[in-house]
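What follows is calculated from the coordinates using simple rules that are stated; it is not laboratory data. Because the structure is predicted, anything quoted here is derived from the model rather than measured. Positions of Cβ are generated from backbone atoms using ideal geometry, with glycine treated the same way; all protein chains shown enter the neighbour counts.
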Amino acid sequence: MEENLSLKEKEKAEEAMIEQAFQELLNDYLQTKHRKRVEIITKAFNFANQAHKGIKRRSGEPYIMHPIAVAKIVCNEIGLGSTSICAALLHDVVEDTDYTVEDIENIFGHKIAQIVDGLTKISGGIFGDKASAQAENFKKLLLTMSDDIRVILIKIADRLHNMRTLGSMLPSKQYKIAGETLYIYAPLANRLGLNRIKTELENLSFKYEHPEEYHEIERKLAATAAERDKVFQEFTAPIREQLDKMGLKYHILARVKSIYSIWNKMQTKHVPFEEIYDILAVRIIFTPRSMEEELNDCFDIYVAISKIYKPHPDRLRDWISHPKSNGYQALHVTLMGNNGQWIEVQIRSDRMDDVAEQGFAAHWKYKEGGGSEDEGELAKWLKTIKEILDDPQPDAIDFLDNIKLGLFASEIFVFTPKGELKTLPQNATALDFAFSLHTDIGCHCIGAKVNHKLVPLSYKLKSGDQVEILTSKSQRVQPEWLNFATTSRAKIASILRREDKANQKVGETMLAAFLQAEGIRMDESALDKLTNLHNFHTPDELLSAIGAKRITLGDADRNVFKEKQNKSWKKLLSFSFGSGKDNKDSKDSKEQAPSETKSAEKINPKEILKLTEETISKDYIMADCCHPIPGDDVLGYIDEHNHVIIHKRQCPVAVKLKSSYGNRIIATQWDTHKELSFLVTIYINGIDTIGLLNEVTQVISRQLNVNIRKLDIESNDGIFEGRIKLYVHDVDDVRTICNNLKQIQNIKQVTRVED
């Protein structure tokens with residue numbers, strides 16, 4: 001009786017919690033500028049609540065709390081209206097219950113059903129268990145997105161709430177979800193102008209992948225907060241005074257660099273937290289005197305504050321005259337503060353601030369019947385995405401890389417010879433510019449003139465460049481273009497694949513004729529012999545080379561079928577080479593998409609695998625791309641040969657694997673006893689003095705008794721820099737070495753780096 005009573009009390013408490021959460025959503029919605037359609041939102045909530053009744057999340061709370069939370073994000077943080085809120089409330093109904101899209105359409109109408117259908121197609125994360133399914137699901141996401149942008153906006157809200165509640169998941173799931181969030185969702189949020197959400201997604205991903213580093217930076221930010229606040233108040237005091245004189249309505253905010261951004265900069269610049277000097281930025285948000293005066297007011301503020309502090313000559317960013325492709329507008333200027341540090345100031349109007357925080361949702365005003373009033377840059381981007389989607393069967397990881405190029409935040413502005421402005425991602429080349437004009441121009445380009453000077457196709461463009469493309473009818477797409485192309489990689493790869501298929505057909509006909517003339521049957525055995533003879537990996541490569549006339553069939557090919565080889569020698573040879581190939585493949589697997597085999601199932605890994613001395617030496621392969629050592633944050637990846645490859649969690653290759661092959665990721669922990677040695681590289685620089693090299697070797701070899709494998713030191717105009725390769729047991733050893741080297745006078749920087 002008591003148990004039944006407590007169960008009923010628990011159910012009542014849950015019902016009250018659900019009702020309160022929904023009322024909070026309604027209250028938030030009623031405070032927006034959207035026309036008030038409370039009835040349909042309430043109807044969607046009641047329907048979803050009934051559909052998910054009795055279902056719990058992994059955290060133990062009622063499942064309906066998740067759709068309500070997603071709807072709150074959609075309403076408050078993205079700024080969408082009733083159609084999107086209803087779709088958010090209903091987004092898991094078709095996936096998780098017996099209701100169909102037709103049921104949703106009958107009850108809530110076509111538009112809500114269409115969005116729910118789009119969300120259902122990409123449910124369970126972008127990526128499935130197999131490479132082809134991953135690429136296919138992401139294609140669905142992008143195609144649905146081009147039909148109605150609200151699908152991806154709600155999907156991002158769904159991912160944000162999942163990241164906020166990721167603590168209840170198993171570690172390997174956390175790595176998979178955090179990996180694909182950092183690799184795809186955060187750039188996607190950024191591309192859609194959702195800056196605040198992008199930042200939170202990055203921070204949460206980082207928090208679960210590197211909890212110690214996250215909390216260390218968090219602690220240091222808290223410890224330096226008072227000092228930053230003092231700098232902010234002193235820096236902005238004269239600015240406030242000047243803006244008051246101008247009669248502007250404004251407010252000034254301190255913007256602190258995100259934890260993930262700080263850590264990222266520490267990694268790329270190889271500097272400690274204390275040497276990150278742009279943690280504080282200042283944001284001026286003003287109400288323009290009139291919409292016509294909005295741009296003038298921005299520049300008036302810039303002129304006024306530049307009279308107070310000296311501006312950096314190369315750090316003015318005019319995103320007002322040339323908005324970013326996600327709609328972002330602001331004027332960025334970097335000023336020298338009285339404390340001797342550069343401080344970036346961002347100048348925005350209220351409208352620009354709305355766009356910066358809510359992205360396209362702020363200026364894509366949806367009519368409730370569907371459709372948008374303005375497309376602008378987003379439509380151009382979606383057009384580019386559709387061109388990539390036209391490529392029939394790209395490799396999963398290549399496909400994701402090509403899409404990611406379209407998510408770049410940094411952009412450059414270049415001009416055609418007639419003065420037309422073109423926007424390209426940073427690091428785009430003259431070749432990319434040619435393909436951006438037209439595919440035919442790209443296919444036939446032989447060079448370019450940048451600012452009237454002849455440059456190769458690999459030339460990296462800079463903002464302000466004027467580019468003229470030179471073409472020739474005899475030019476064809478070259479495979480080596482893939483080495484330096486960025487945005488045009490997908491098009492080039494697609495063209496090369498089509499040509500390759502055509503060459504294979506021609507090659508097959510030529511080979512069949514050759515073998516028939518020799519009286520040899522064209523079967524799998526014959527193809528394998530010729531493939532091995534010409535050192536190709538697959539018969540398709542052989543056929544393509546024959547069709548393209550890169551190889552000519554002759555006596556060597558005839559002799560392959562006439563030789564009588566000793567069977568035992570042949571067997572030994574194939575074993576020897578096969579063994580080497582397997583080893584090579586297992587090492588290279590970090591860079592290649594695994595085949596869709598079921599070999600990973602053989603391992604049946606436990607949730608956490610401990611890397612003991614014995615297992616390190618026998619069962620695991622340390623990735624060559626990032627050289628993990630004991631103490632590093634690592635994960636395991638089961639390759640197609642059933643080997644476990646150990647990567648650092650922040651390794652770029654691991655990031656791709658997490659996002660693309662998450663089902664093969666396993667959590668790992670170190671459990672070693674300083675018995676094995678690992679090779680690491682330490683970078684040092686400083687002021688060159690007599691005897692410095694001797695001091696460095698004394699500290700490493702004598703004081704710390706560490707074995708140096710290689711030492712490279714260069715000195716130039718009194719400044720030296722060097723790389724020391726040495727053997728250590730773990731991260732603690734590296735930390736001790738770095739700290740001891742920093743004690744040497746005139747050494748300014750010591751850090752561990754990758755080769």
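Close amide-amide hydrogen proximity is noted between Ile412 and Leu424, Gln426, each under 5 Å apart and 5 or more residues distant or on a separate chain (H modeled in the peptide plane; Pro and chain starts excluded). For segment 217-363, averaging the sequence separation of C-alpha pairs within contact (under 8 Å, six or more residues apart) and dividing by the residue count gives a relative contact order of 23 percent. Hydrodynamic analysis of segment 678-753 uses the Kirkwood radius over alpha carbon pairs. Inserted into Stokes-Einstein at 37 °C and 0.692 mPa s, it gives a translational diffusion coefficient of 268 µm²/s.
Relative to the current alpha-carbon distance between His215 and Leu454, full extension at 0.36 nm per residue lengthens the span by 80.9 nm. Between amide H atoms placed 1.01 Å from N, distances below 5 Å from Gly686 occur with Phe720, Lys748, all of them 5 or more places distant or on a separate chain. Full extension of the chain between Lys710 and Asp98 gives 213.8 nm of extra length, using 0.36 nm per residue less the Cα-Cα distance. Along the charge dipole of segment 16-209, Cβ charges K/R +1 and D/E -1, which of His34, Ala69, Asn190 sits furthest on the positive end? Sorting the options by dipole projection puts first Asn190. The gain in end-to-end length when the Leu253 to Gln698 segment is fully stretched comes to 155.2 nm, 0.36 nm per residue minus the alpha carbon separation. Based on Cα contacts under 8 Å between residues 6+ apart, segment 678-753 shows a relative contact order of 48 percent. Projecting the Cα atoms of Met163, Val231, His215 onto the charge dipole of segment 134-286 (Cβ charges, centred on the Cα centre) puts Met163 farthest toward the positive pole. Relative contact order of segment 497-561, taken over Cα pairs closer than 8 Å and 6 or more residues apart, is 46 percent. Taken as Cα centroids, segment 669-701 and segment 195-255 sit 36 Å apart, rounded to the nearest whole angstrom. About its Cα centre, the dipole of segment 232-324 is roughly 220 debye, where the only charges are +1 on Lys and Arg Cβ and -1 on Asp and Glu Cβ.
Given R₀ = 35 Å, what would the calculated FRET efficiency be for Lys610 paired with Lys56, taking r from the Cβ atoms and rounding to 0.05?
Efficiency at R0 = 35 Å is approximately 0.65.
Remark: segment 337-348, residue by residue, has Karplus-estimated 3J(HN,Hα) of x, 5, 8, x, 10, 6, 10, 7, 10, 9, 10, 9 Hz, where x stands for each Gly or Pro and the curve is 6.51 cos²θ - 1.76 cosθ + 1.60 at θ = phi - 60°. In order along segment 12-22, the Karplus-derived 3J(HN,Hα) couplings, from 6.51 cos²θ - 1.76 cosθ + 1.60 at θ = phi - 60°, round to 4, 4, 5, 4, 5, 5, 5, 4, 5, 4, 5 Hz, and Gly and Pro are given as x.
Out of all DSSP beta bridges with both ends in segment 217-363, state the antiparallel percent to the nearest 5.
Within segment 217-363, antiparallel bridges account for around 75 percent of the total.
Across segment 211-220, coupling constants 3J(HN,Hα) worked out from phi with the 6.51/-1.76/1.60 Karplus curve, θ = phi - 60°, read x, 5, 5, 4, 5, 5, 5, 4, 5, 5 Hz, and Gly and Pro carry x.
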